[in-house]
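Report on one structure; see the data block that follows.
The values are calculated or read from the model by the stated rules, or taken from the named source; none is laboratory data. These figures come from a predicted structure and were not determined experimentally. All Cβ positions, even for glycine, are placed from backbone atoms using ideal geometry, and neighbour counts span all protein chains on display. Side chains are part of the model used for accessible areas, which takes the heavy atoms of the whole protein and leaves out ligands, DNA and RNA. Shrake-Rupley method; radii C 1.70, N 1.55, O 1.52, S 1.80 Å.
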Amino acid sequence: MSGMRKILWLLAFIVTGVLLYPSLPSLDPIISKTSSLEVQIRDTEIKIVQARDAQAEGQEFLARLETLRGRIPSDPDLEGLVNELSRRITATGMRWTDGAPSALEQQAEGAVFRTWQISLTVAGPESGVFPLLESIATADRTLTVDSVSVRTEGDKVVVAINARFYALLPGEYNDSQYQGS
Amino acid sequence: MPEKYVGICIDGSRATMVNTIDSLATSYATVDLGDVGESVKVLIKNVKQRKKSPPIRIVVSAPTSMVKSMDVTAKATASYDDFQELLYTALPVDRDTTSVAGMVYNPEDMVGDKVCPGAAASLATSVLSEVYNAMGSLRCEVVSMPLVFAAHNGVWLGIQQGIASLSLLTNGRIVAYRQLRLGGLSSVVSHLLGSATNVKAIQTRVEQALVTVNSTDTQASTEVGRYMRMLTTEISQTIDFWRRQGEVIENDGMILAYGPGAISPLLDDALHEAGFVRALCSAIDRQLVNVASAQRLDSYPAFLAAVSVGKNMPYVSFLNPNYQALKRAQRRKLKIVSTIAGTLAVLVSLGLFVVKPIVDVKRKESATKTSLADVEGRFAPLQDMYLLSEESLARATVNDEVLADQPNWAAIYQQLMLSTPPTATIVQITATSSEGVVIVNIAAALPGGRYEDMSAWLTRLSEISGATSAWTRGFNERQGKVTVDLTVNFAVSQPATDEVSR
């Protein structure tokens with residue numbers, strides 16, 4: 001076989017290889033899958049760090065979690081809310097005269113917690129207004145007040161409060177983005 | 001370390017082999033299967049040759065071979081072609097059918113144009129080819145019969161199967177060589193054979209007649225005796241011729257004999273009748289002490305071939321006529337092998353070019369899967385704590401978010417009360433929070449109050465921490481009763497309650 005023929009054979013092999021190369025199965029799916037696995041590894045490592053930090057805090061972490069569960073419970077717990085408000089109102093020397101929770105508020109798309117409204121009408125001495133407002137602000141349950149109306153009626157005042165309370169439903173908080181309504 | 005040598009003598013269809021350790025013969029074997037190729041193959045069947053073993057020297061005596069002394073100069077040996085040309089010039093042989101070889105007795109003396117003695121030999125190429133073919137892949141060198149006798153002076157008579165020859169060696173050189181017209185022992189067999197066909201039986205009868213005195217096979221004995229006498233006559237004529245030529249004959253009248261016929265007492269008788277004396281070469285005989293005496297003279301050529309291995313090379317050796325064909329075959333084989341190897345190399349390269357990325361990607365995928373399994377294994381016992389951590393994060397986030405714009409209602413209310421003039425009576429305070437701004441509307445009675453009193457009240461309101469503006473929406477004085485409607489805006493700057501951290 002002459003040298004030229006050898007070179008031609010070599011070229012034929014190379015050209016054949018180059019032509020056949022694109023017909024080989026694509027590696028993209030495997031590469032993509034591997035990248036996805038690498039992301040999973042990174043995410044899991046972050047989870048491990050997060051869990052270990054919580055574990056290191058121990059009882060302190062668990063106590064804080066319980067406080068948060070009280071503030072933002074997993075269900076509306078209207079009965080618990082009414083009981084607490086009633087207790088606090090009474091403690092300030094006021095009397096709950098009227099009030100009712102409204103229906104669930106319309107949630108914004110992507111919101112991960114639920115919001116309800118509640119209206120309160122409280123009557124009592126003027127000296128009870130400030131403690132009442134302070135007590136609501138420091139309630140175990142998180143309440144946000146939208147409006148307060150204080151009206152003098154004779155020797156007493158009538159306080160009307162529009163507020164909101166919240167719940168974070170189970171299964172709606174893992175790996176989610178938290179967005180208010 | 002002692003070296004082992006092998007020498008073979010080809011005589012017609014008969015092959016004889018002698019093994020030596022250094023210059024001492026250790027074994028002797030002879031085979032005659034009627035075909036030289038077959039005989040050689042059987043003879044060398046058990047010969048083992050290692051990479052460093054010396055070649056096997058084969059001495060060939062054939063009817064057509066010729067040997068002649070010649071002069072050689074350094075120029076003539078400058079190349080093998082030049083030397084071959086000199087050999088063909090010295091010998092009247094057909095170049096197409098005959099191969100040539102030669103030797104220079106003292107190559108170290110060859111300087112410039114100085115003439116040195118040498119010898120040329122010829123051999124039928126067909127015989128040579130047959131011998132080389134029979135030797136197969138064994139390394140060997142084929143030389144012509146009398147050349148191995150160098151250094152053993154005298155008149156050497158060879159009585160072999162194929163030929164009978166006479167060589168004259170003087171001063172360690174071959175001076176003259178002649179194949180006798182009578183031929184070898186095969187001519188005796190031919191005479192006895194007549195119309196019979198069993199050659200082997202006749203050969204056996206001749207062999208018996210050669211060694212038996214007063215043989216009962218008178219026909220064979222008579223024929224051998226006649227052959228010996230005729231041989232002696234031709235020897236006498238030849239030696240006379242050499243004398244007339246002026247050749248120096250050492251120990252003139254003494255004959256050194258070798259070959260299967262040399263042992264015959266009938267030869268002794270014939271030589272004696274012609275005035276010759278049978279002599280023995282004691283130097284060679286001593287080295288053949290391990291060979292049976294009946295075979296000793298027959299073993300001379302093979303033995304001398306063995307002990308002269310490698311001497312006077314390369315000229316003394318006949319080139320293998322198949323050498324070019326062998327080389328061509330080797331080159332062809334090498335090309336095929338190199339082409340296959342090259343093709344494989346290209347295929348492997350292409351394979352690596354195509355396969356390596358796949359292997360790398362697969363390997364990385366496998367390693368990543370292993371890493372993931374490891375990480376998941378470490379995470380498994382922490383999963384519950386992680387879920388609690390996530391829950392805590394979620395609730396804290398919601399809590400912080402909803403309280404972010406929450407005003408401190410109690411503080412606002414307290415400040416409003418503190419800024420209220422003592423004479424004023426609050427009728428109603430309405431406060432609403434929207435988008436970080438708290439708008440407070442105050443409706444109050446200000447008995448006996450004047451506009452300046454309201455203005456002073458507004459000033460105090462505007463000085464409350466967080467208040468951004470304060471203004472009046474109404475100042476009414478009716479029947480001595482003054483009522484005012486005021487508005488204060490607060491900017492929500494801080495949450496009303498302590499933040500619950502995560």
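Remarks
- Overall form of segment B:77-193 per C-alpha gyration tensor (a/c, 1.5; a/b vs b/c): oblate
- Each Lys or Arg adds one and each Asp or Glu takes one away; over the other residues whose Cβ falls under 12 Å from the Cβ of B:GLU223, this sums to +2.
- Cα gyration tensor category, rounded, prolate or oblate, for segment B:1-146 with a/c compared to 1.5: oblate
- Per-selection Kirkwood Rh - segment B:311-458 (Cα, Å, 1 d.p.): 27.0
- Span-like helix check, chain B: qualifying full DSSP H segments, with Cα axial length of 18 Å or more and mean Kyte-Doolittle of 0.0 or more, are B:199-211, B:323-379.
- For B:CYS116, the accessible surface of its heavy atoms amounts to roughly 0 Å² (probe 1.4 Å, protein chains only, rounded to the nearest 10).
- Eigen-decomposition of the gyration tensor built on the alpha-carbon atoms of segment B:272-387 gives equivalent ellipsoid semi-axes of 83, 26, 9 angstrom, largest listed first.
- Inter-site label distance for A:GLU60 and B:ASP384 at 7 Å from Cα along Cβ, in nm: 2.3
- Shape call, segment B:177-290: gyration tensor on alpha carbons, a/c limit 1.5: prolate
- Euclidean distance between Cα centres, segment A:115-152 to segment B:42-68, Å: 127
- Rounded accessible area of B:GLU3 (nearest 10 Å², 1.4 Å probe): 70
- Tail fraction, Cα-Cα pairs, the protein assembly as shown, threshold 38 Å, whole percent: 65
- Farthest toward positive dipole pole in chain B [+1 Lys/Arg, -1 Asp/Glu at C-beta], among B:GLY34, B:ALA396, B:ASN133: B:GLY34
- Paramagnetic label zone (point 7 Å from Cα along Cα-to-C-beta, B:ALA491; backbone N under 20 Å) in segment B:454-468: B:459-468
- The HN-Hα couplings worked out from phi for segment A:41-53 by the Karplus form 6.51 cos²θ - 1.76 cosθ + 1.60 (θ = phi - 60°) are 4, 4, 4, 5, 4, 5, 4, 4, 4, 4, 5, 5, 4 Hz, whole numbers, x standing for Gly and Pro.
- 1.4 Å probe accessible area per residue over segment B:388-467, in Å²: 42
- Förster radius 41 Å - calculated FRET efficiency between B:VAL359 and B:ARG332 (Cβ-Cβ, nearest 0.05): 0.65
- Backbone amide hydrogens, once placed in the peptide plane, bring B:ILE58 within less than 5 Å of B:ILE8, B:GLU141, B:VAL142, B:VAL143, excluding anything fewer than 5 places away on its chain.
- Each helix, a run of at least 4 DSSP H residues, gives -39500 (n - 2.57); summed and divided by the residues of the protein assembly as shown, these come to -14000 deg cm²/dmol at 222 nm.
- Centre separation in Å (Cα based) which lies between segment A:23-78 and segment B:439-467: 54
- Only protein heavy atoms count here; under a 1.4 Å probe, B:SER371 has an accessible surface of about 50 Å².
- For the set A:MET4, B:MET17, B:MET1, the ranking by accessible area, highest first and with no ligand, DNA or RNA atoms included, is B:MET1, A:MET4, B:MET17 under a 1.4 Å probe.
- Of all lysines in the structure, the ones whose alpha carbon falls short of 24 Å from that of B:LYS45, not counting any fewer than 8 places away in one chain, are B:LYS4, B:LYS200.
- Interface size, chains A and B: roughly 5900 Å² of accessible area buried, both sides included, 1.4 Å probe, rounded to the nearest 100.
- 15 Å beta-carbon shell around A:LYS156, net charge (K/R +1, D/E -1): -2
- Under 5 Å between amide hydrogens, built in the peptide plane, is the criterion, and for B:ALA262 it picks out B:ILE159 among residues at least 5 positions away or on other chains.
- Using a simple spin-label model with pseudo-atoms 7 Å out from Cα toward Cβ, B:GLN414 and B:VAL211 lie 14.5 nm apart.
- Counting Cβ atoms of other protein chains within 10 Å of each Cβ in A:149-161 and taking the mean gives 3.
- In this structure, the amide hydrogen of B:VAL309, modeled 1.01 Å from its nitrogen in the peptide plane, lies closer than 5 angstrom to no residue at least 5 positions away or on a different chain.
- A:PHE13, B:PHE303, ranked by accessible area, largest first (probe 1.4 Å): A:PHE13, B:PHE303
- Efficiency of FRET from Cβ geometry, B:THR26 and B:LEU344, R₀ 41 Å, rounded to 0.05: 0.30
- Test item: B:409-417 mean partner chain Cβ contacts at 10 Å: 5
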